[in-house]
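Trainee: Questions regarding the structure given below will be posed in turn.
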Amino acid sequence: MHELSLCQSLVRQASRVAAEHGARSIRRISVRIGLLSGVEADLMLHAFPFASRGTAAEGAQLDMELCPVRVYCPQCNRDSEVPSNHLNCPHCGYWQTHLSGGEELLLASIDLGIETDAQTLTSSKPWEVPHV
Ligand SMILES: [Zn+2]
């Protein structure tokens, strides 16, 4: 994963939302990152100040929530949280489970600075990940 270009796309997307709402600044961006997405949270935090410099998101706080790996078991019809290195169903041990979580990259919410009132937009939109 290229965290800098990922950060840049996040900043672009957030800036567009801010512009649509007439906001001059962004106070906080919250994202949800699946544990299997390949994105390193530390690298994102490091890249964010560079990606946001000179944009509406400059100085914004970047909140990241890591999403656990989940599998769906067709045998017992249950969805369970599992460790990323063990995708078997924890209830019956079935191995042909389907991944149902852990790969997501979502832009969860943005706090905009509009005059003196802070406004939080909750969207849970997919993050527009660049193809590099
Ligand atoms: Zn099962």
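Trainee: Can you give the charge dipole size of the stretch 44-118 about its Cα centre, rounded to the nearest 20 debye, using +1 on the beta carbon of Lys and Arg and -1 on the beta carbon of Asp and Glu? Each step should come with its number before you reach the end.
Mentor: Details: 3 positive and 10 negative charges, 92 e Å.
Here the stretch 44-118 has a charge dipole of around 440 debye.
Trainee: Return the loop-located trypsin sites (Lys or Arg not before Pro) in the stretch 13-70 (DSSP other than H, G, I, E, B) with at most 16 other Cβ atoms within 10 Å of their own Cβ; answer none if there are none.
Mentor: Details: sites: R16, R24, R27, R28, R32, R53, R70; in loops: R24, R53.
Answer by residue number: R24, R53.
Trainee: Hey, what did the stretch 1-89 get for relative contact order, percent, Cα under 8 Å, at least 6 apart?
Mentor: Details: 118 pairs, mean separation 27.8, N = 89.
Across the stretch 1-89, relative contact order equals 31 percent.
Trainee: Hey, got a sec? Which GluC sites (Glu not before Pro) in the stretch 1-74 land in a DSSP loop and have at most 12 other Cβ atoms within 10 Å?
Mentor: Numbers: sites: E3, E20, E40, E58, E65; in loops: E40, E58.
Here no GluC sites (Glu not before Pro) fit, given the DSSP loop and packing criteria.
Where a number appears in this text, it was derived from the coordinates with a stated rule and is not lab data. Just so it is clear, the model here is predicted, and its values are computed rather than measured. Virtual Cβ from ideal backbone geometry, glycine too; neighbours counted across all protein chains shown.
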